[in-house]
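*Asks:* This is the structure I want to talk about, given as structure tokens.
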Amino acid sequence: MIKVYHAPATRSARVLWVLEELGVPYETVKLTYPPRVHHPEYEKVNPIKTIPTMTDGEVQLTESLAICEYLVRAYGPKGLIPDPADPLYPQYLQFFHYGEATLAPPLGNMVRYAFREPPERRLPQAVDDARETFAERLEPVRRALTEQPFLAGERLTLADISVGYAMFLAERLQLSESFGPELRSYLDRLKALPARQRAYEAA
């Protein structure tokens, strides 16, 4: 059976969301974040002690988007990944990576320099810069949603699960004032999805 090591409000939520969309049985091992502090034994599972880790028989993956793509390709249905012949496939591919490569880094800097570092090492200027950078990087997402409900057309894809996680994290960091009506409506659509609700309840 698929096993997912996860912690609340982390990238493992993406993996649980995909599993719930697919209806694939899985088990979870819930860890306290950060596991490198609270679960030193986790190093035996994942030597860099990041979340998530997924095992499926002999397969072990630790990158959340790689796990999501593996699960869809291994278990289907394939609708979460558009066919390469679909005219919107390039847009899907762009946003599938955009959530982690472009939206997530400034949020990670905010978390680090506003909360995780000891008080003497916190950097308000770095936090402000990250907040501004994140707001700027939302613009392509906003434009993509002006005429369609999801990032790659009329249906949910992994692009939405990728970008959606970053936006949920931004909301937790009280950045939703930068969303505007289009992105707030988009986030509400994602929150209303039953599989997303089940995943976040589990996470």
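Just so it is clear, none of the values below were taken in a lab; they were calculated from the coordinates. Please read these numbers as outputs of a predicted model, since none were measured by experiment. Every residue, glycine among them, receives a Cβ derived from its backbone with ideal geometry; neighbour counts consider all protein chains shown.
*Asks:* Of the listed values (1) 22.7, 64; (2) 17.0, 53; (3) 25.2, 101, identify the label whose number matches Rg and Dmax of the Cα atoms in Å calculated from this model.
*Replies:* Of the listed options (1) 22.7, 64; (2) 17.0, 53; (3) 25.2, 101, (2) comes from this structure.
*Asks:* Follow-up question, since we're still on this one. Give, in nm to one decimal, the length gained when the segment between Thr55 and Glu139 is fully stretched (0.36 nm per residue of separation minus the Cα-Cα distance). Display every interim value, and only then the final one.
*Replies:* Numbers: separation 84, 0.36 × 84 = 30.24 nm, distance 3.58 nm.
Gain on stretching Thr55 to Glu139: 26.7 nm.
*Asks:* Using a 10 Å cut-off around each Cβ, can you sort Leu169, Leu22 from fewest to most neighbouring Cβ atoms?
*Replies:* Neighbour counts put them in this order, fewest first: Leu22, Leu169.
*Asks:* Choose one of Leu151, Leu183, Asn46: the residue whose Cα lies farthest towards the positive end of the charge dipole of the chain (beta-carbon charges +1 Lys, Arg; -1 Asp, Glu; about the Cα centre).
*Replies:* Working it through, the farthest residue towards the positive pole turns out to be Asn46.
*Asks:* Going 7 Å from the Cα of Glu177 along its beta-carbon direction, which residues of the stretch 108-137 have the amide nitrogen within less than 19 Å of the resulting point?
*Replies:* Only 110-111, 114-115, 124-137 fall inside the zone, counting backbone N under 19 Å.
*Asks:* Past the 25 Å Cα-Cα mark, which pairs from Lys49/Lys78; Lys78/Lys191; Lys30/Lys78?
*Replies:* Numbers: Lys49/Lys78 31 Å; Lys78/Lys191 22 Å; Lys30/Lys78 28 Å.
Beyond 25 Å: Lys49/Lys78; Lys30/Lys78.
*Asks:* At a Förster distance of 22 Å, what's the computed FRET efficiency of Met1 paired with His38, Cβ-Cβ distance as r, to 0.05?
*Replies:* 0.35
*Asks:* Let me check I have the definition right: for the stretch 92-192, take the eigenvalues of the Cα gyration tensor, multiply each by 5, take square roots. What are those semi-axes in whole Å, largest first?
*Replies:* 26, 12, 11
*Asks:* Once fully extended, how much extra length lies between Glu27 and Ala9, figured as 0.36 nm per residue of separation less the alpha-carbon to alpha-carbon distance?
*Replies:* On the way: separation 18, 0.36 × 18 = 6.48 nm, distance 1.76 nm.
Taking 0.36 nm per residue and subtracting the Cα distance, the gain is 4.7 nm.
*Asks:* Then there's this: How much net charge surrounds Gly57 when only the other residues with a Cβ under 14 Å from the Cβ of Gly57 are counted, with Lys and Arg +1 and Asp and Glu -1?
*Replies:* With Lys, Arg at +1 and Asp, Glu at -1, the net is -2.
*Asks:* What size of dipole, in debye to the nearest 20, comes out for the stretch 1-137 about its Cα centre when the only charges are +1 on Lys and Arg C-beta atoms and -1 on Asp and Glu C-beta atoms?
*Replies:* 400 debye
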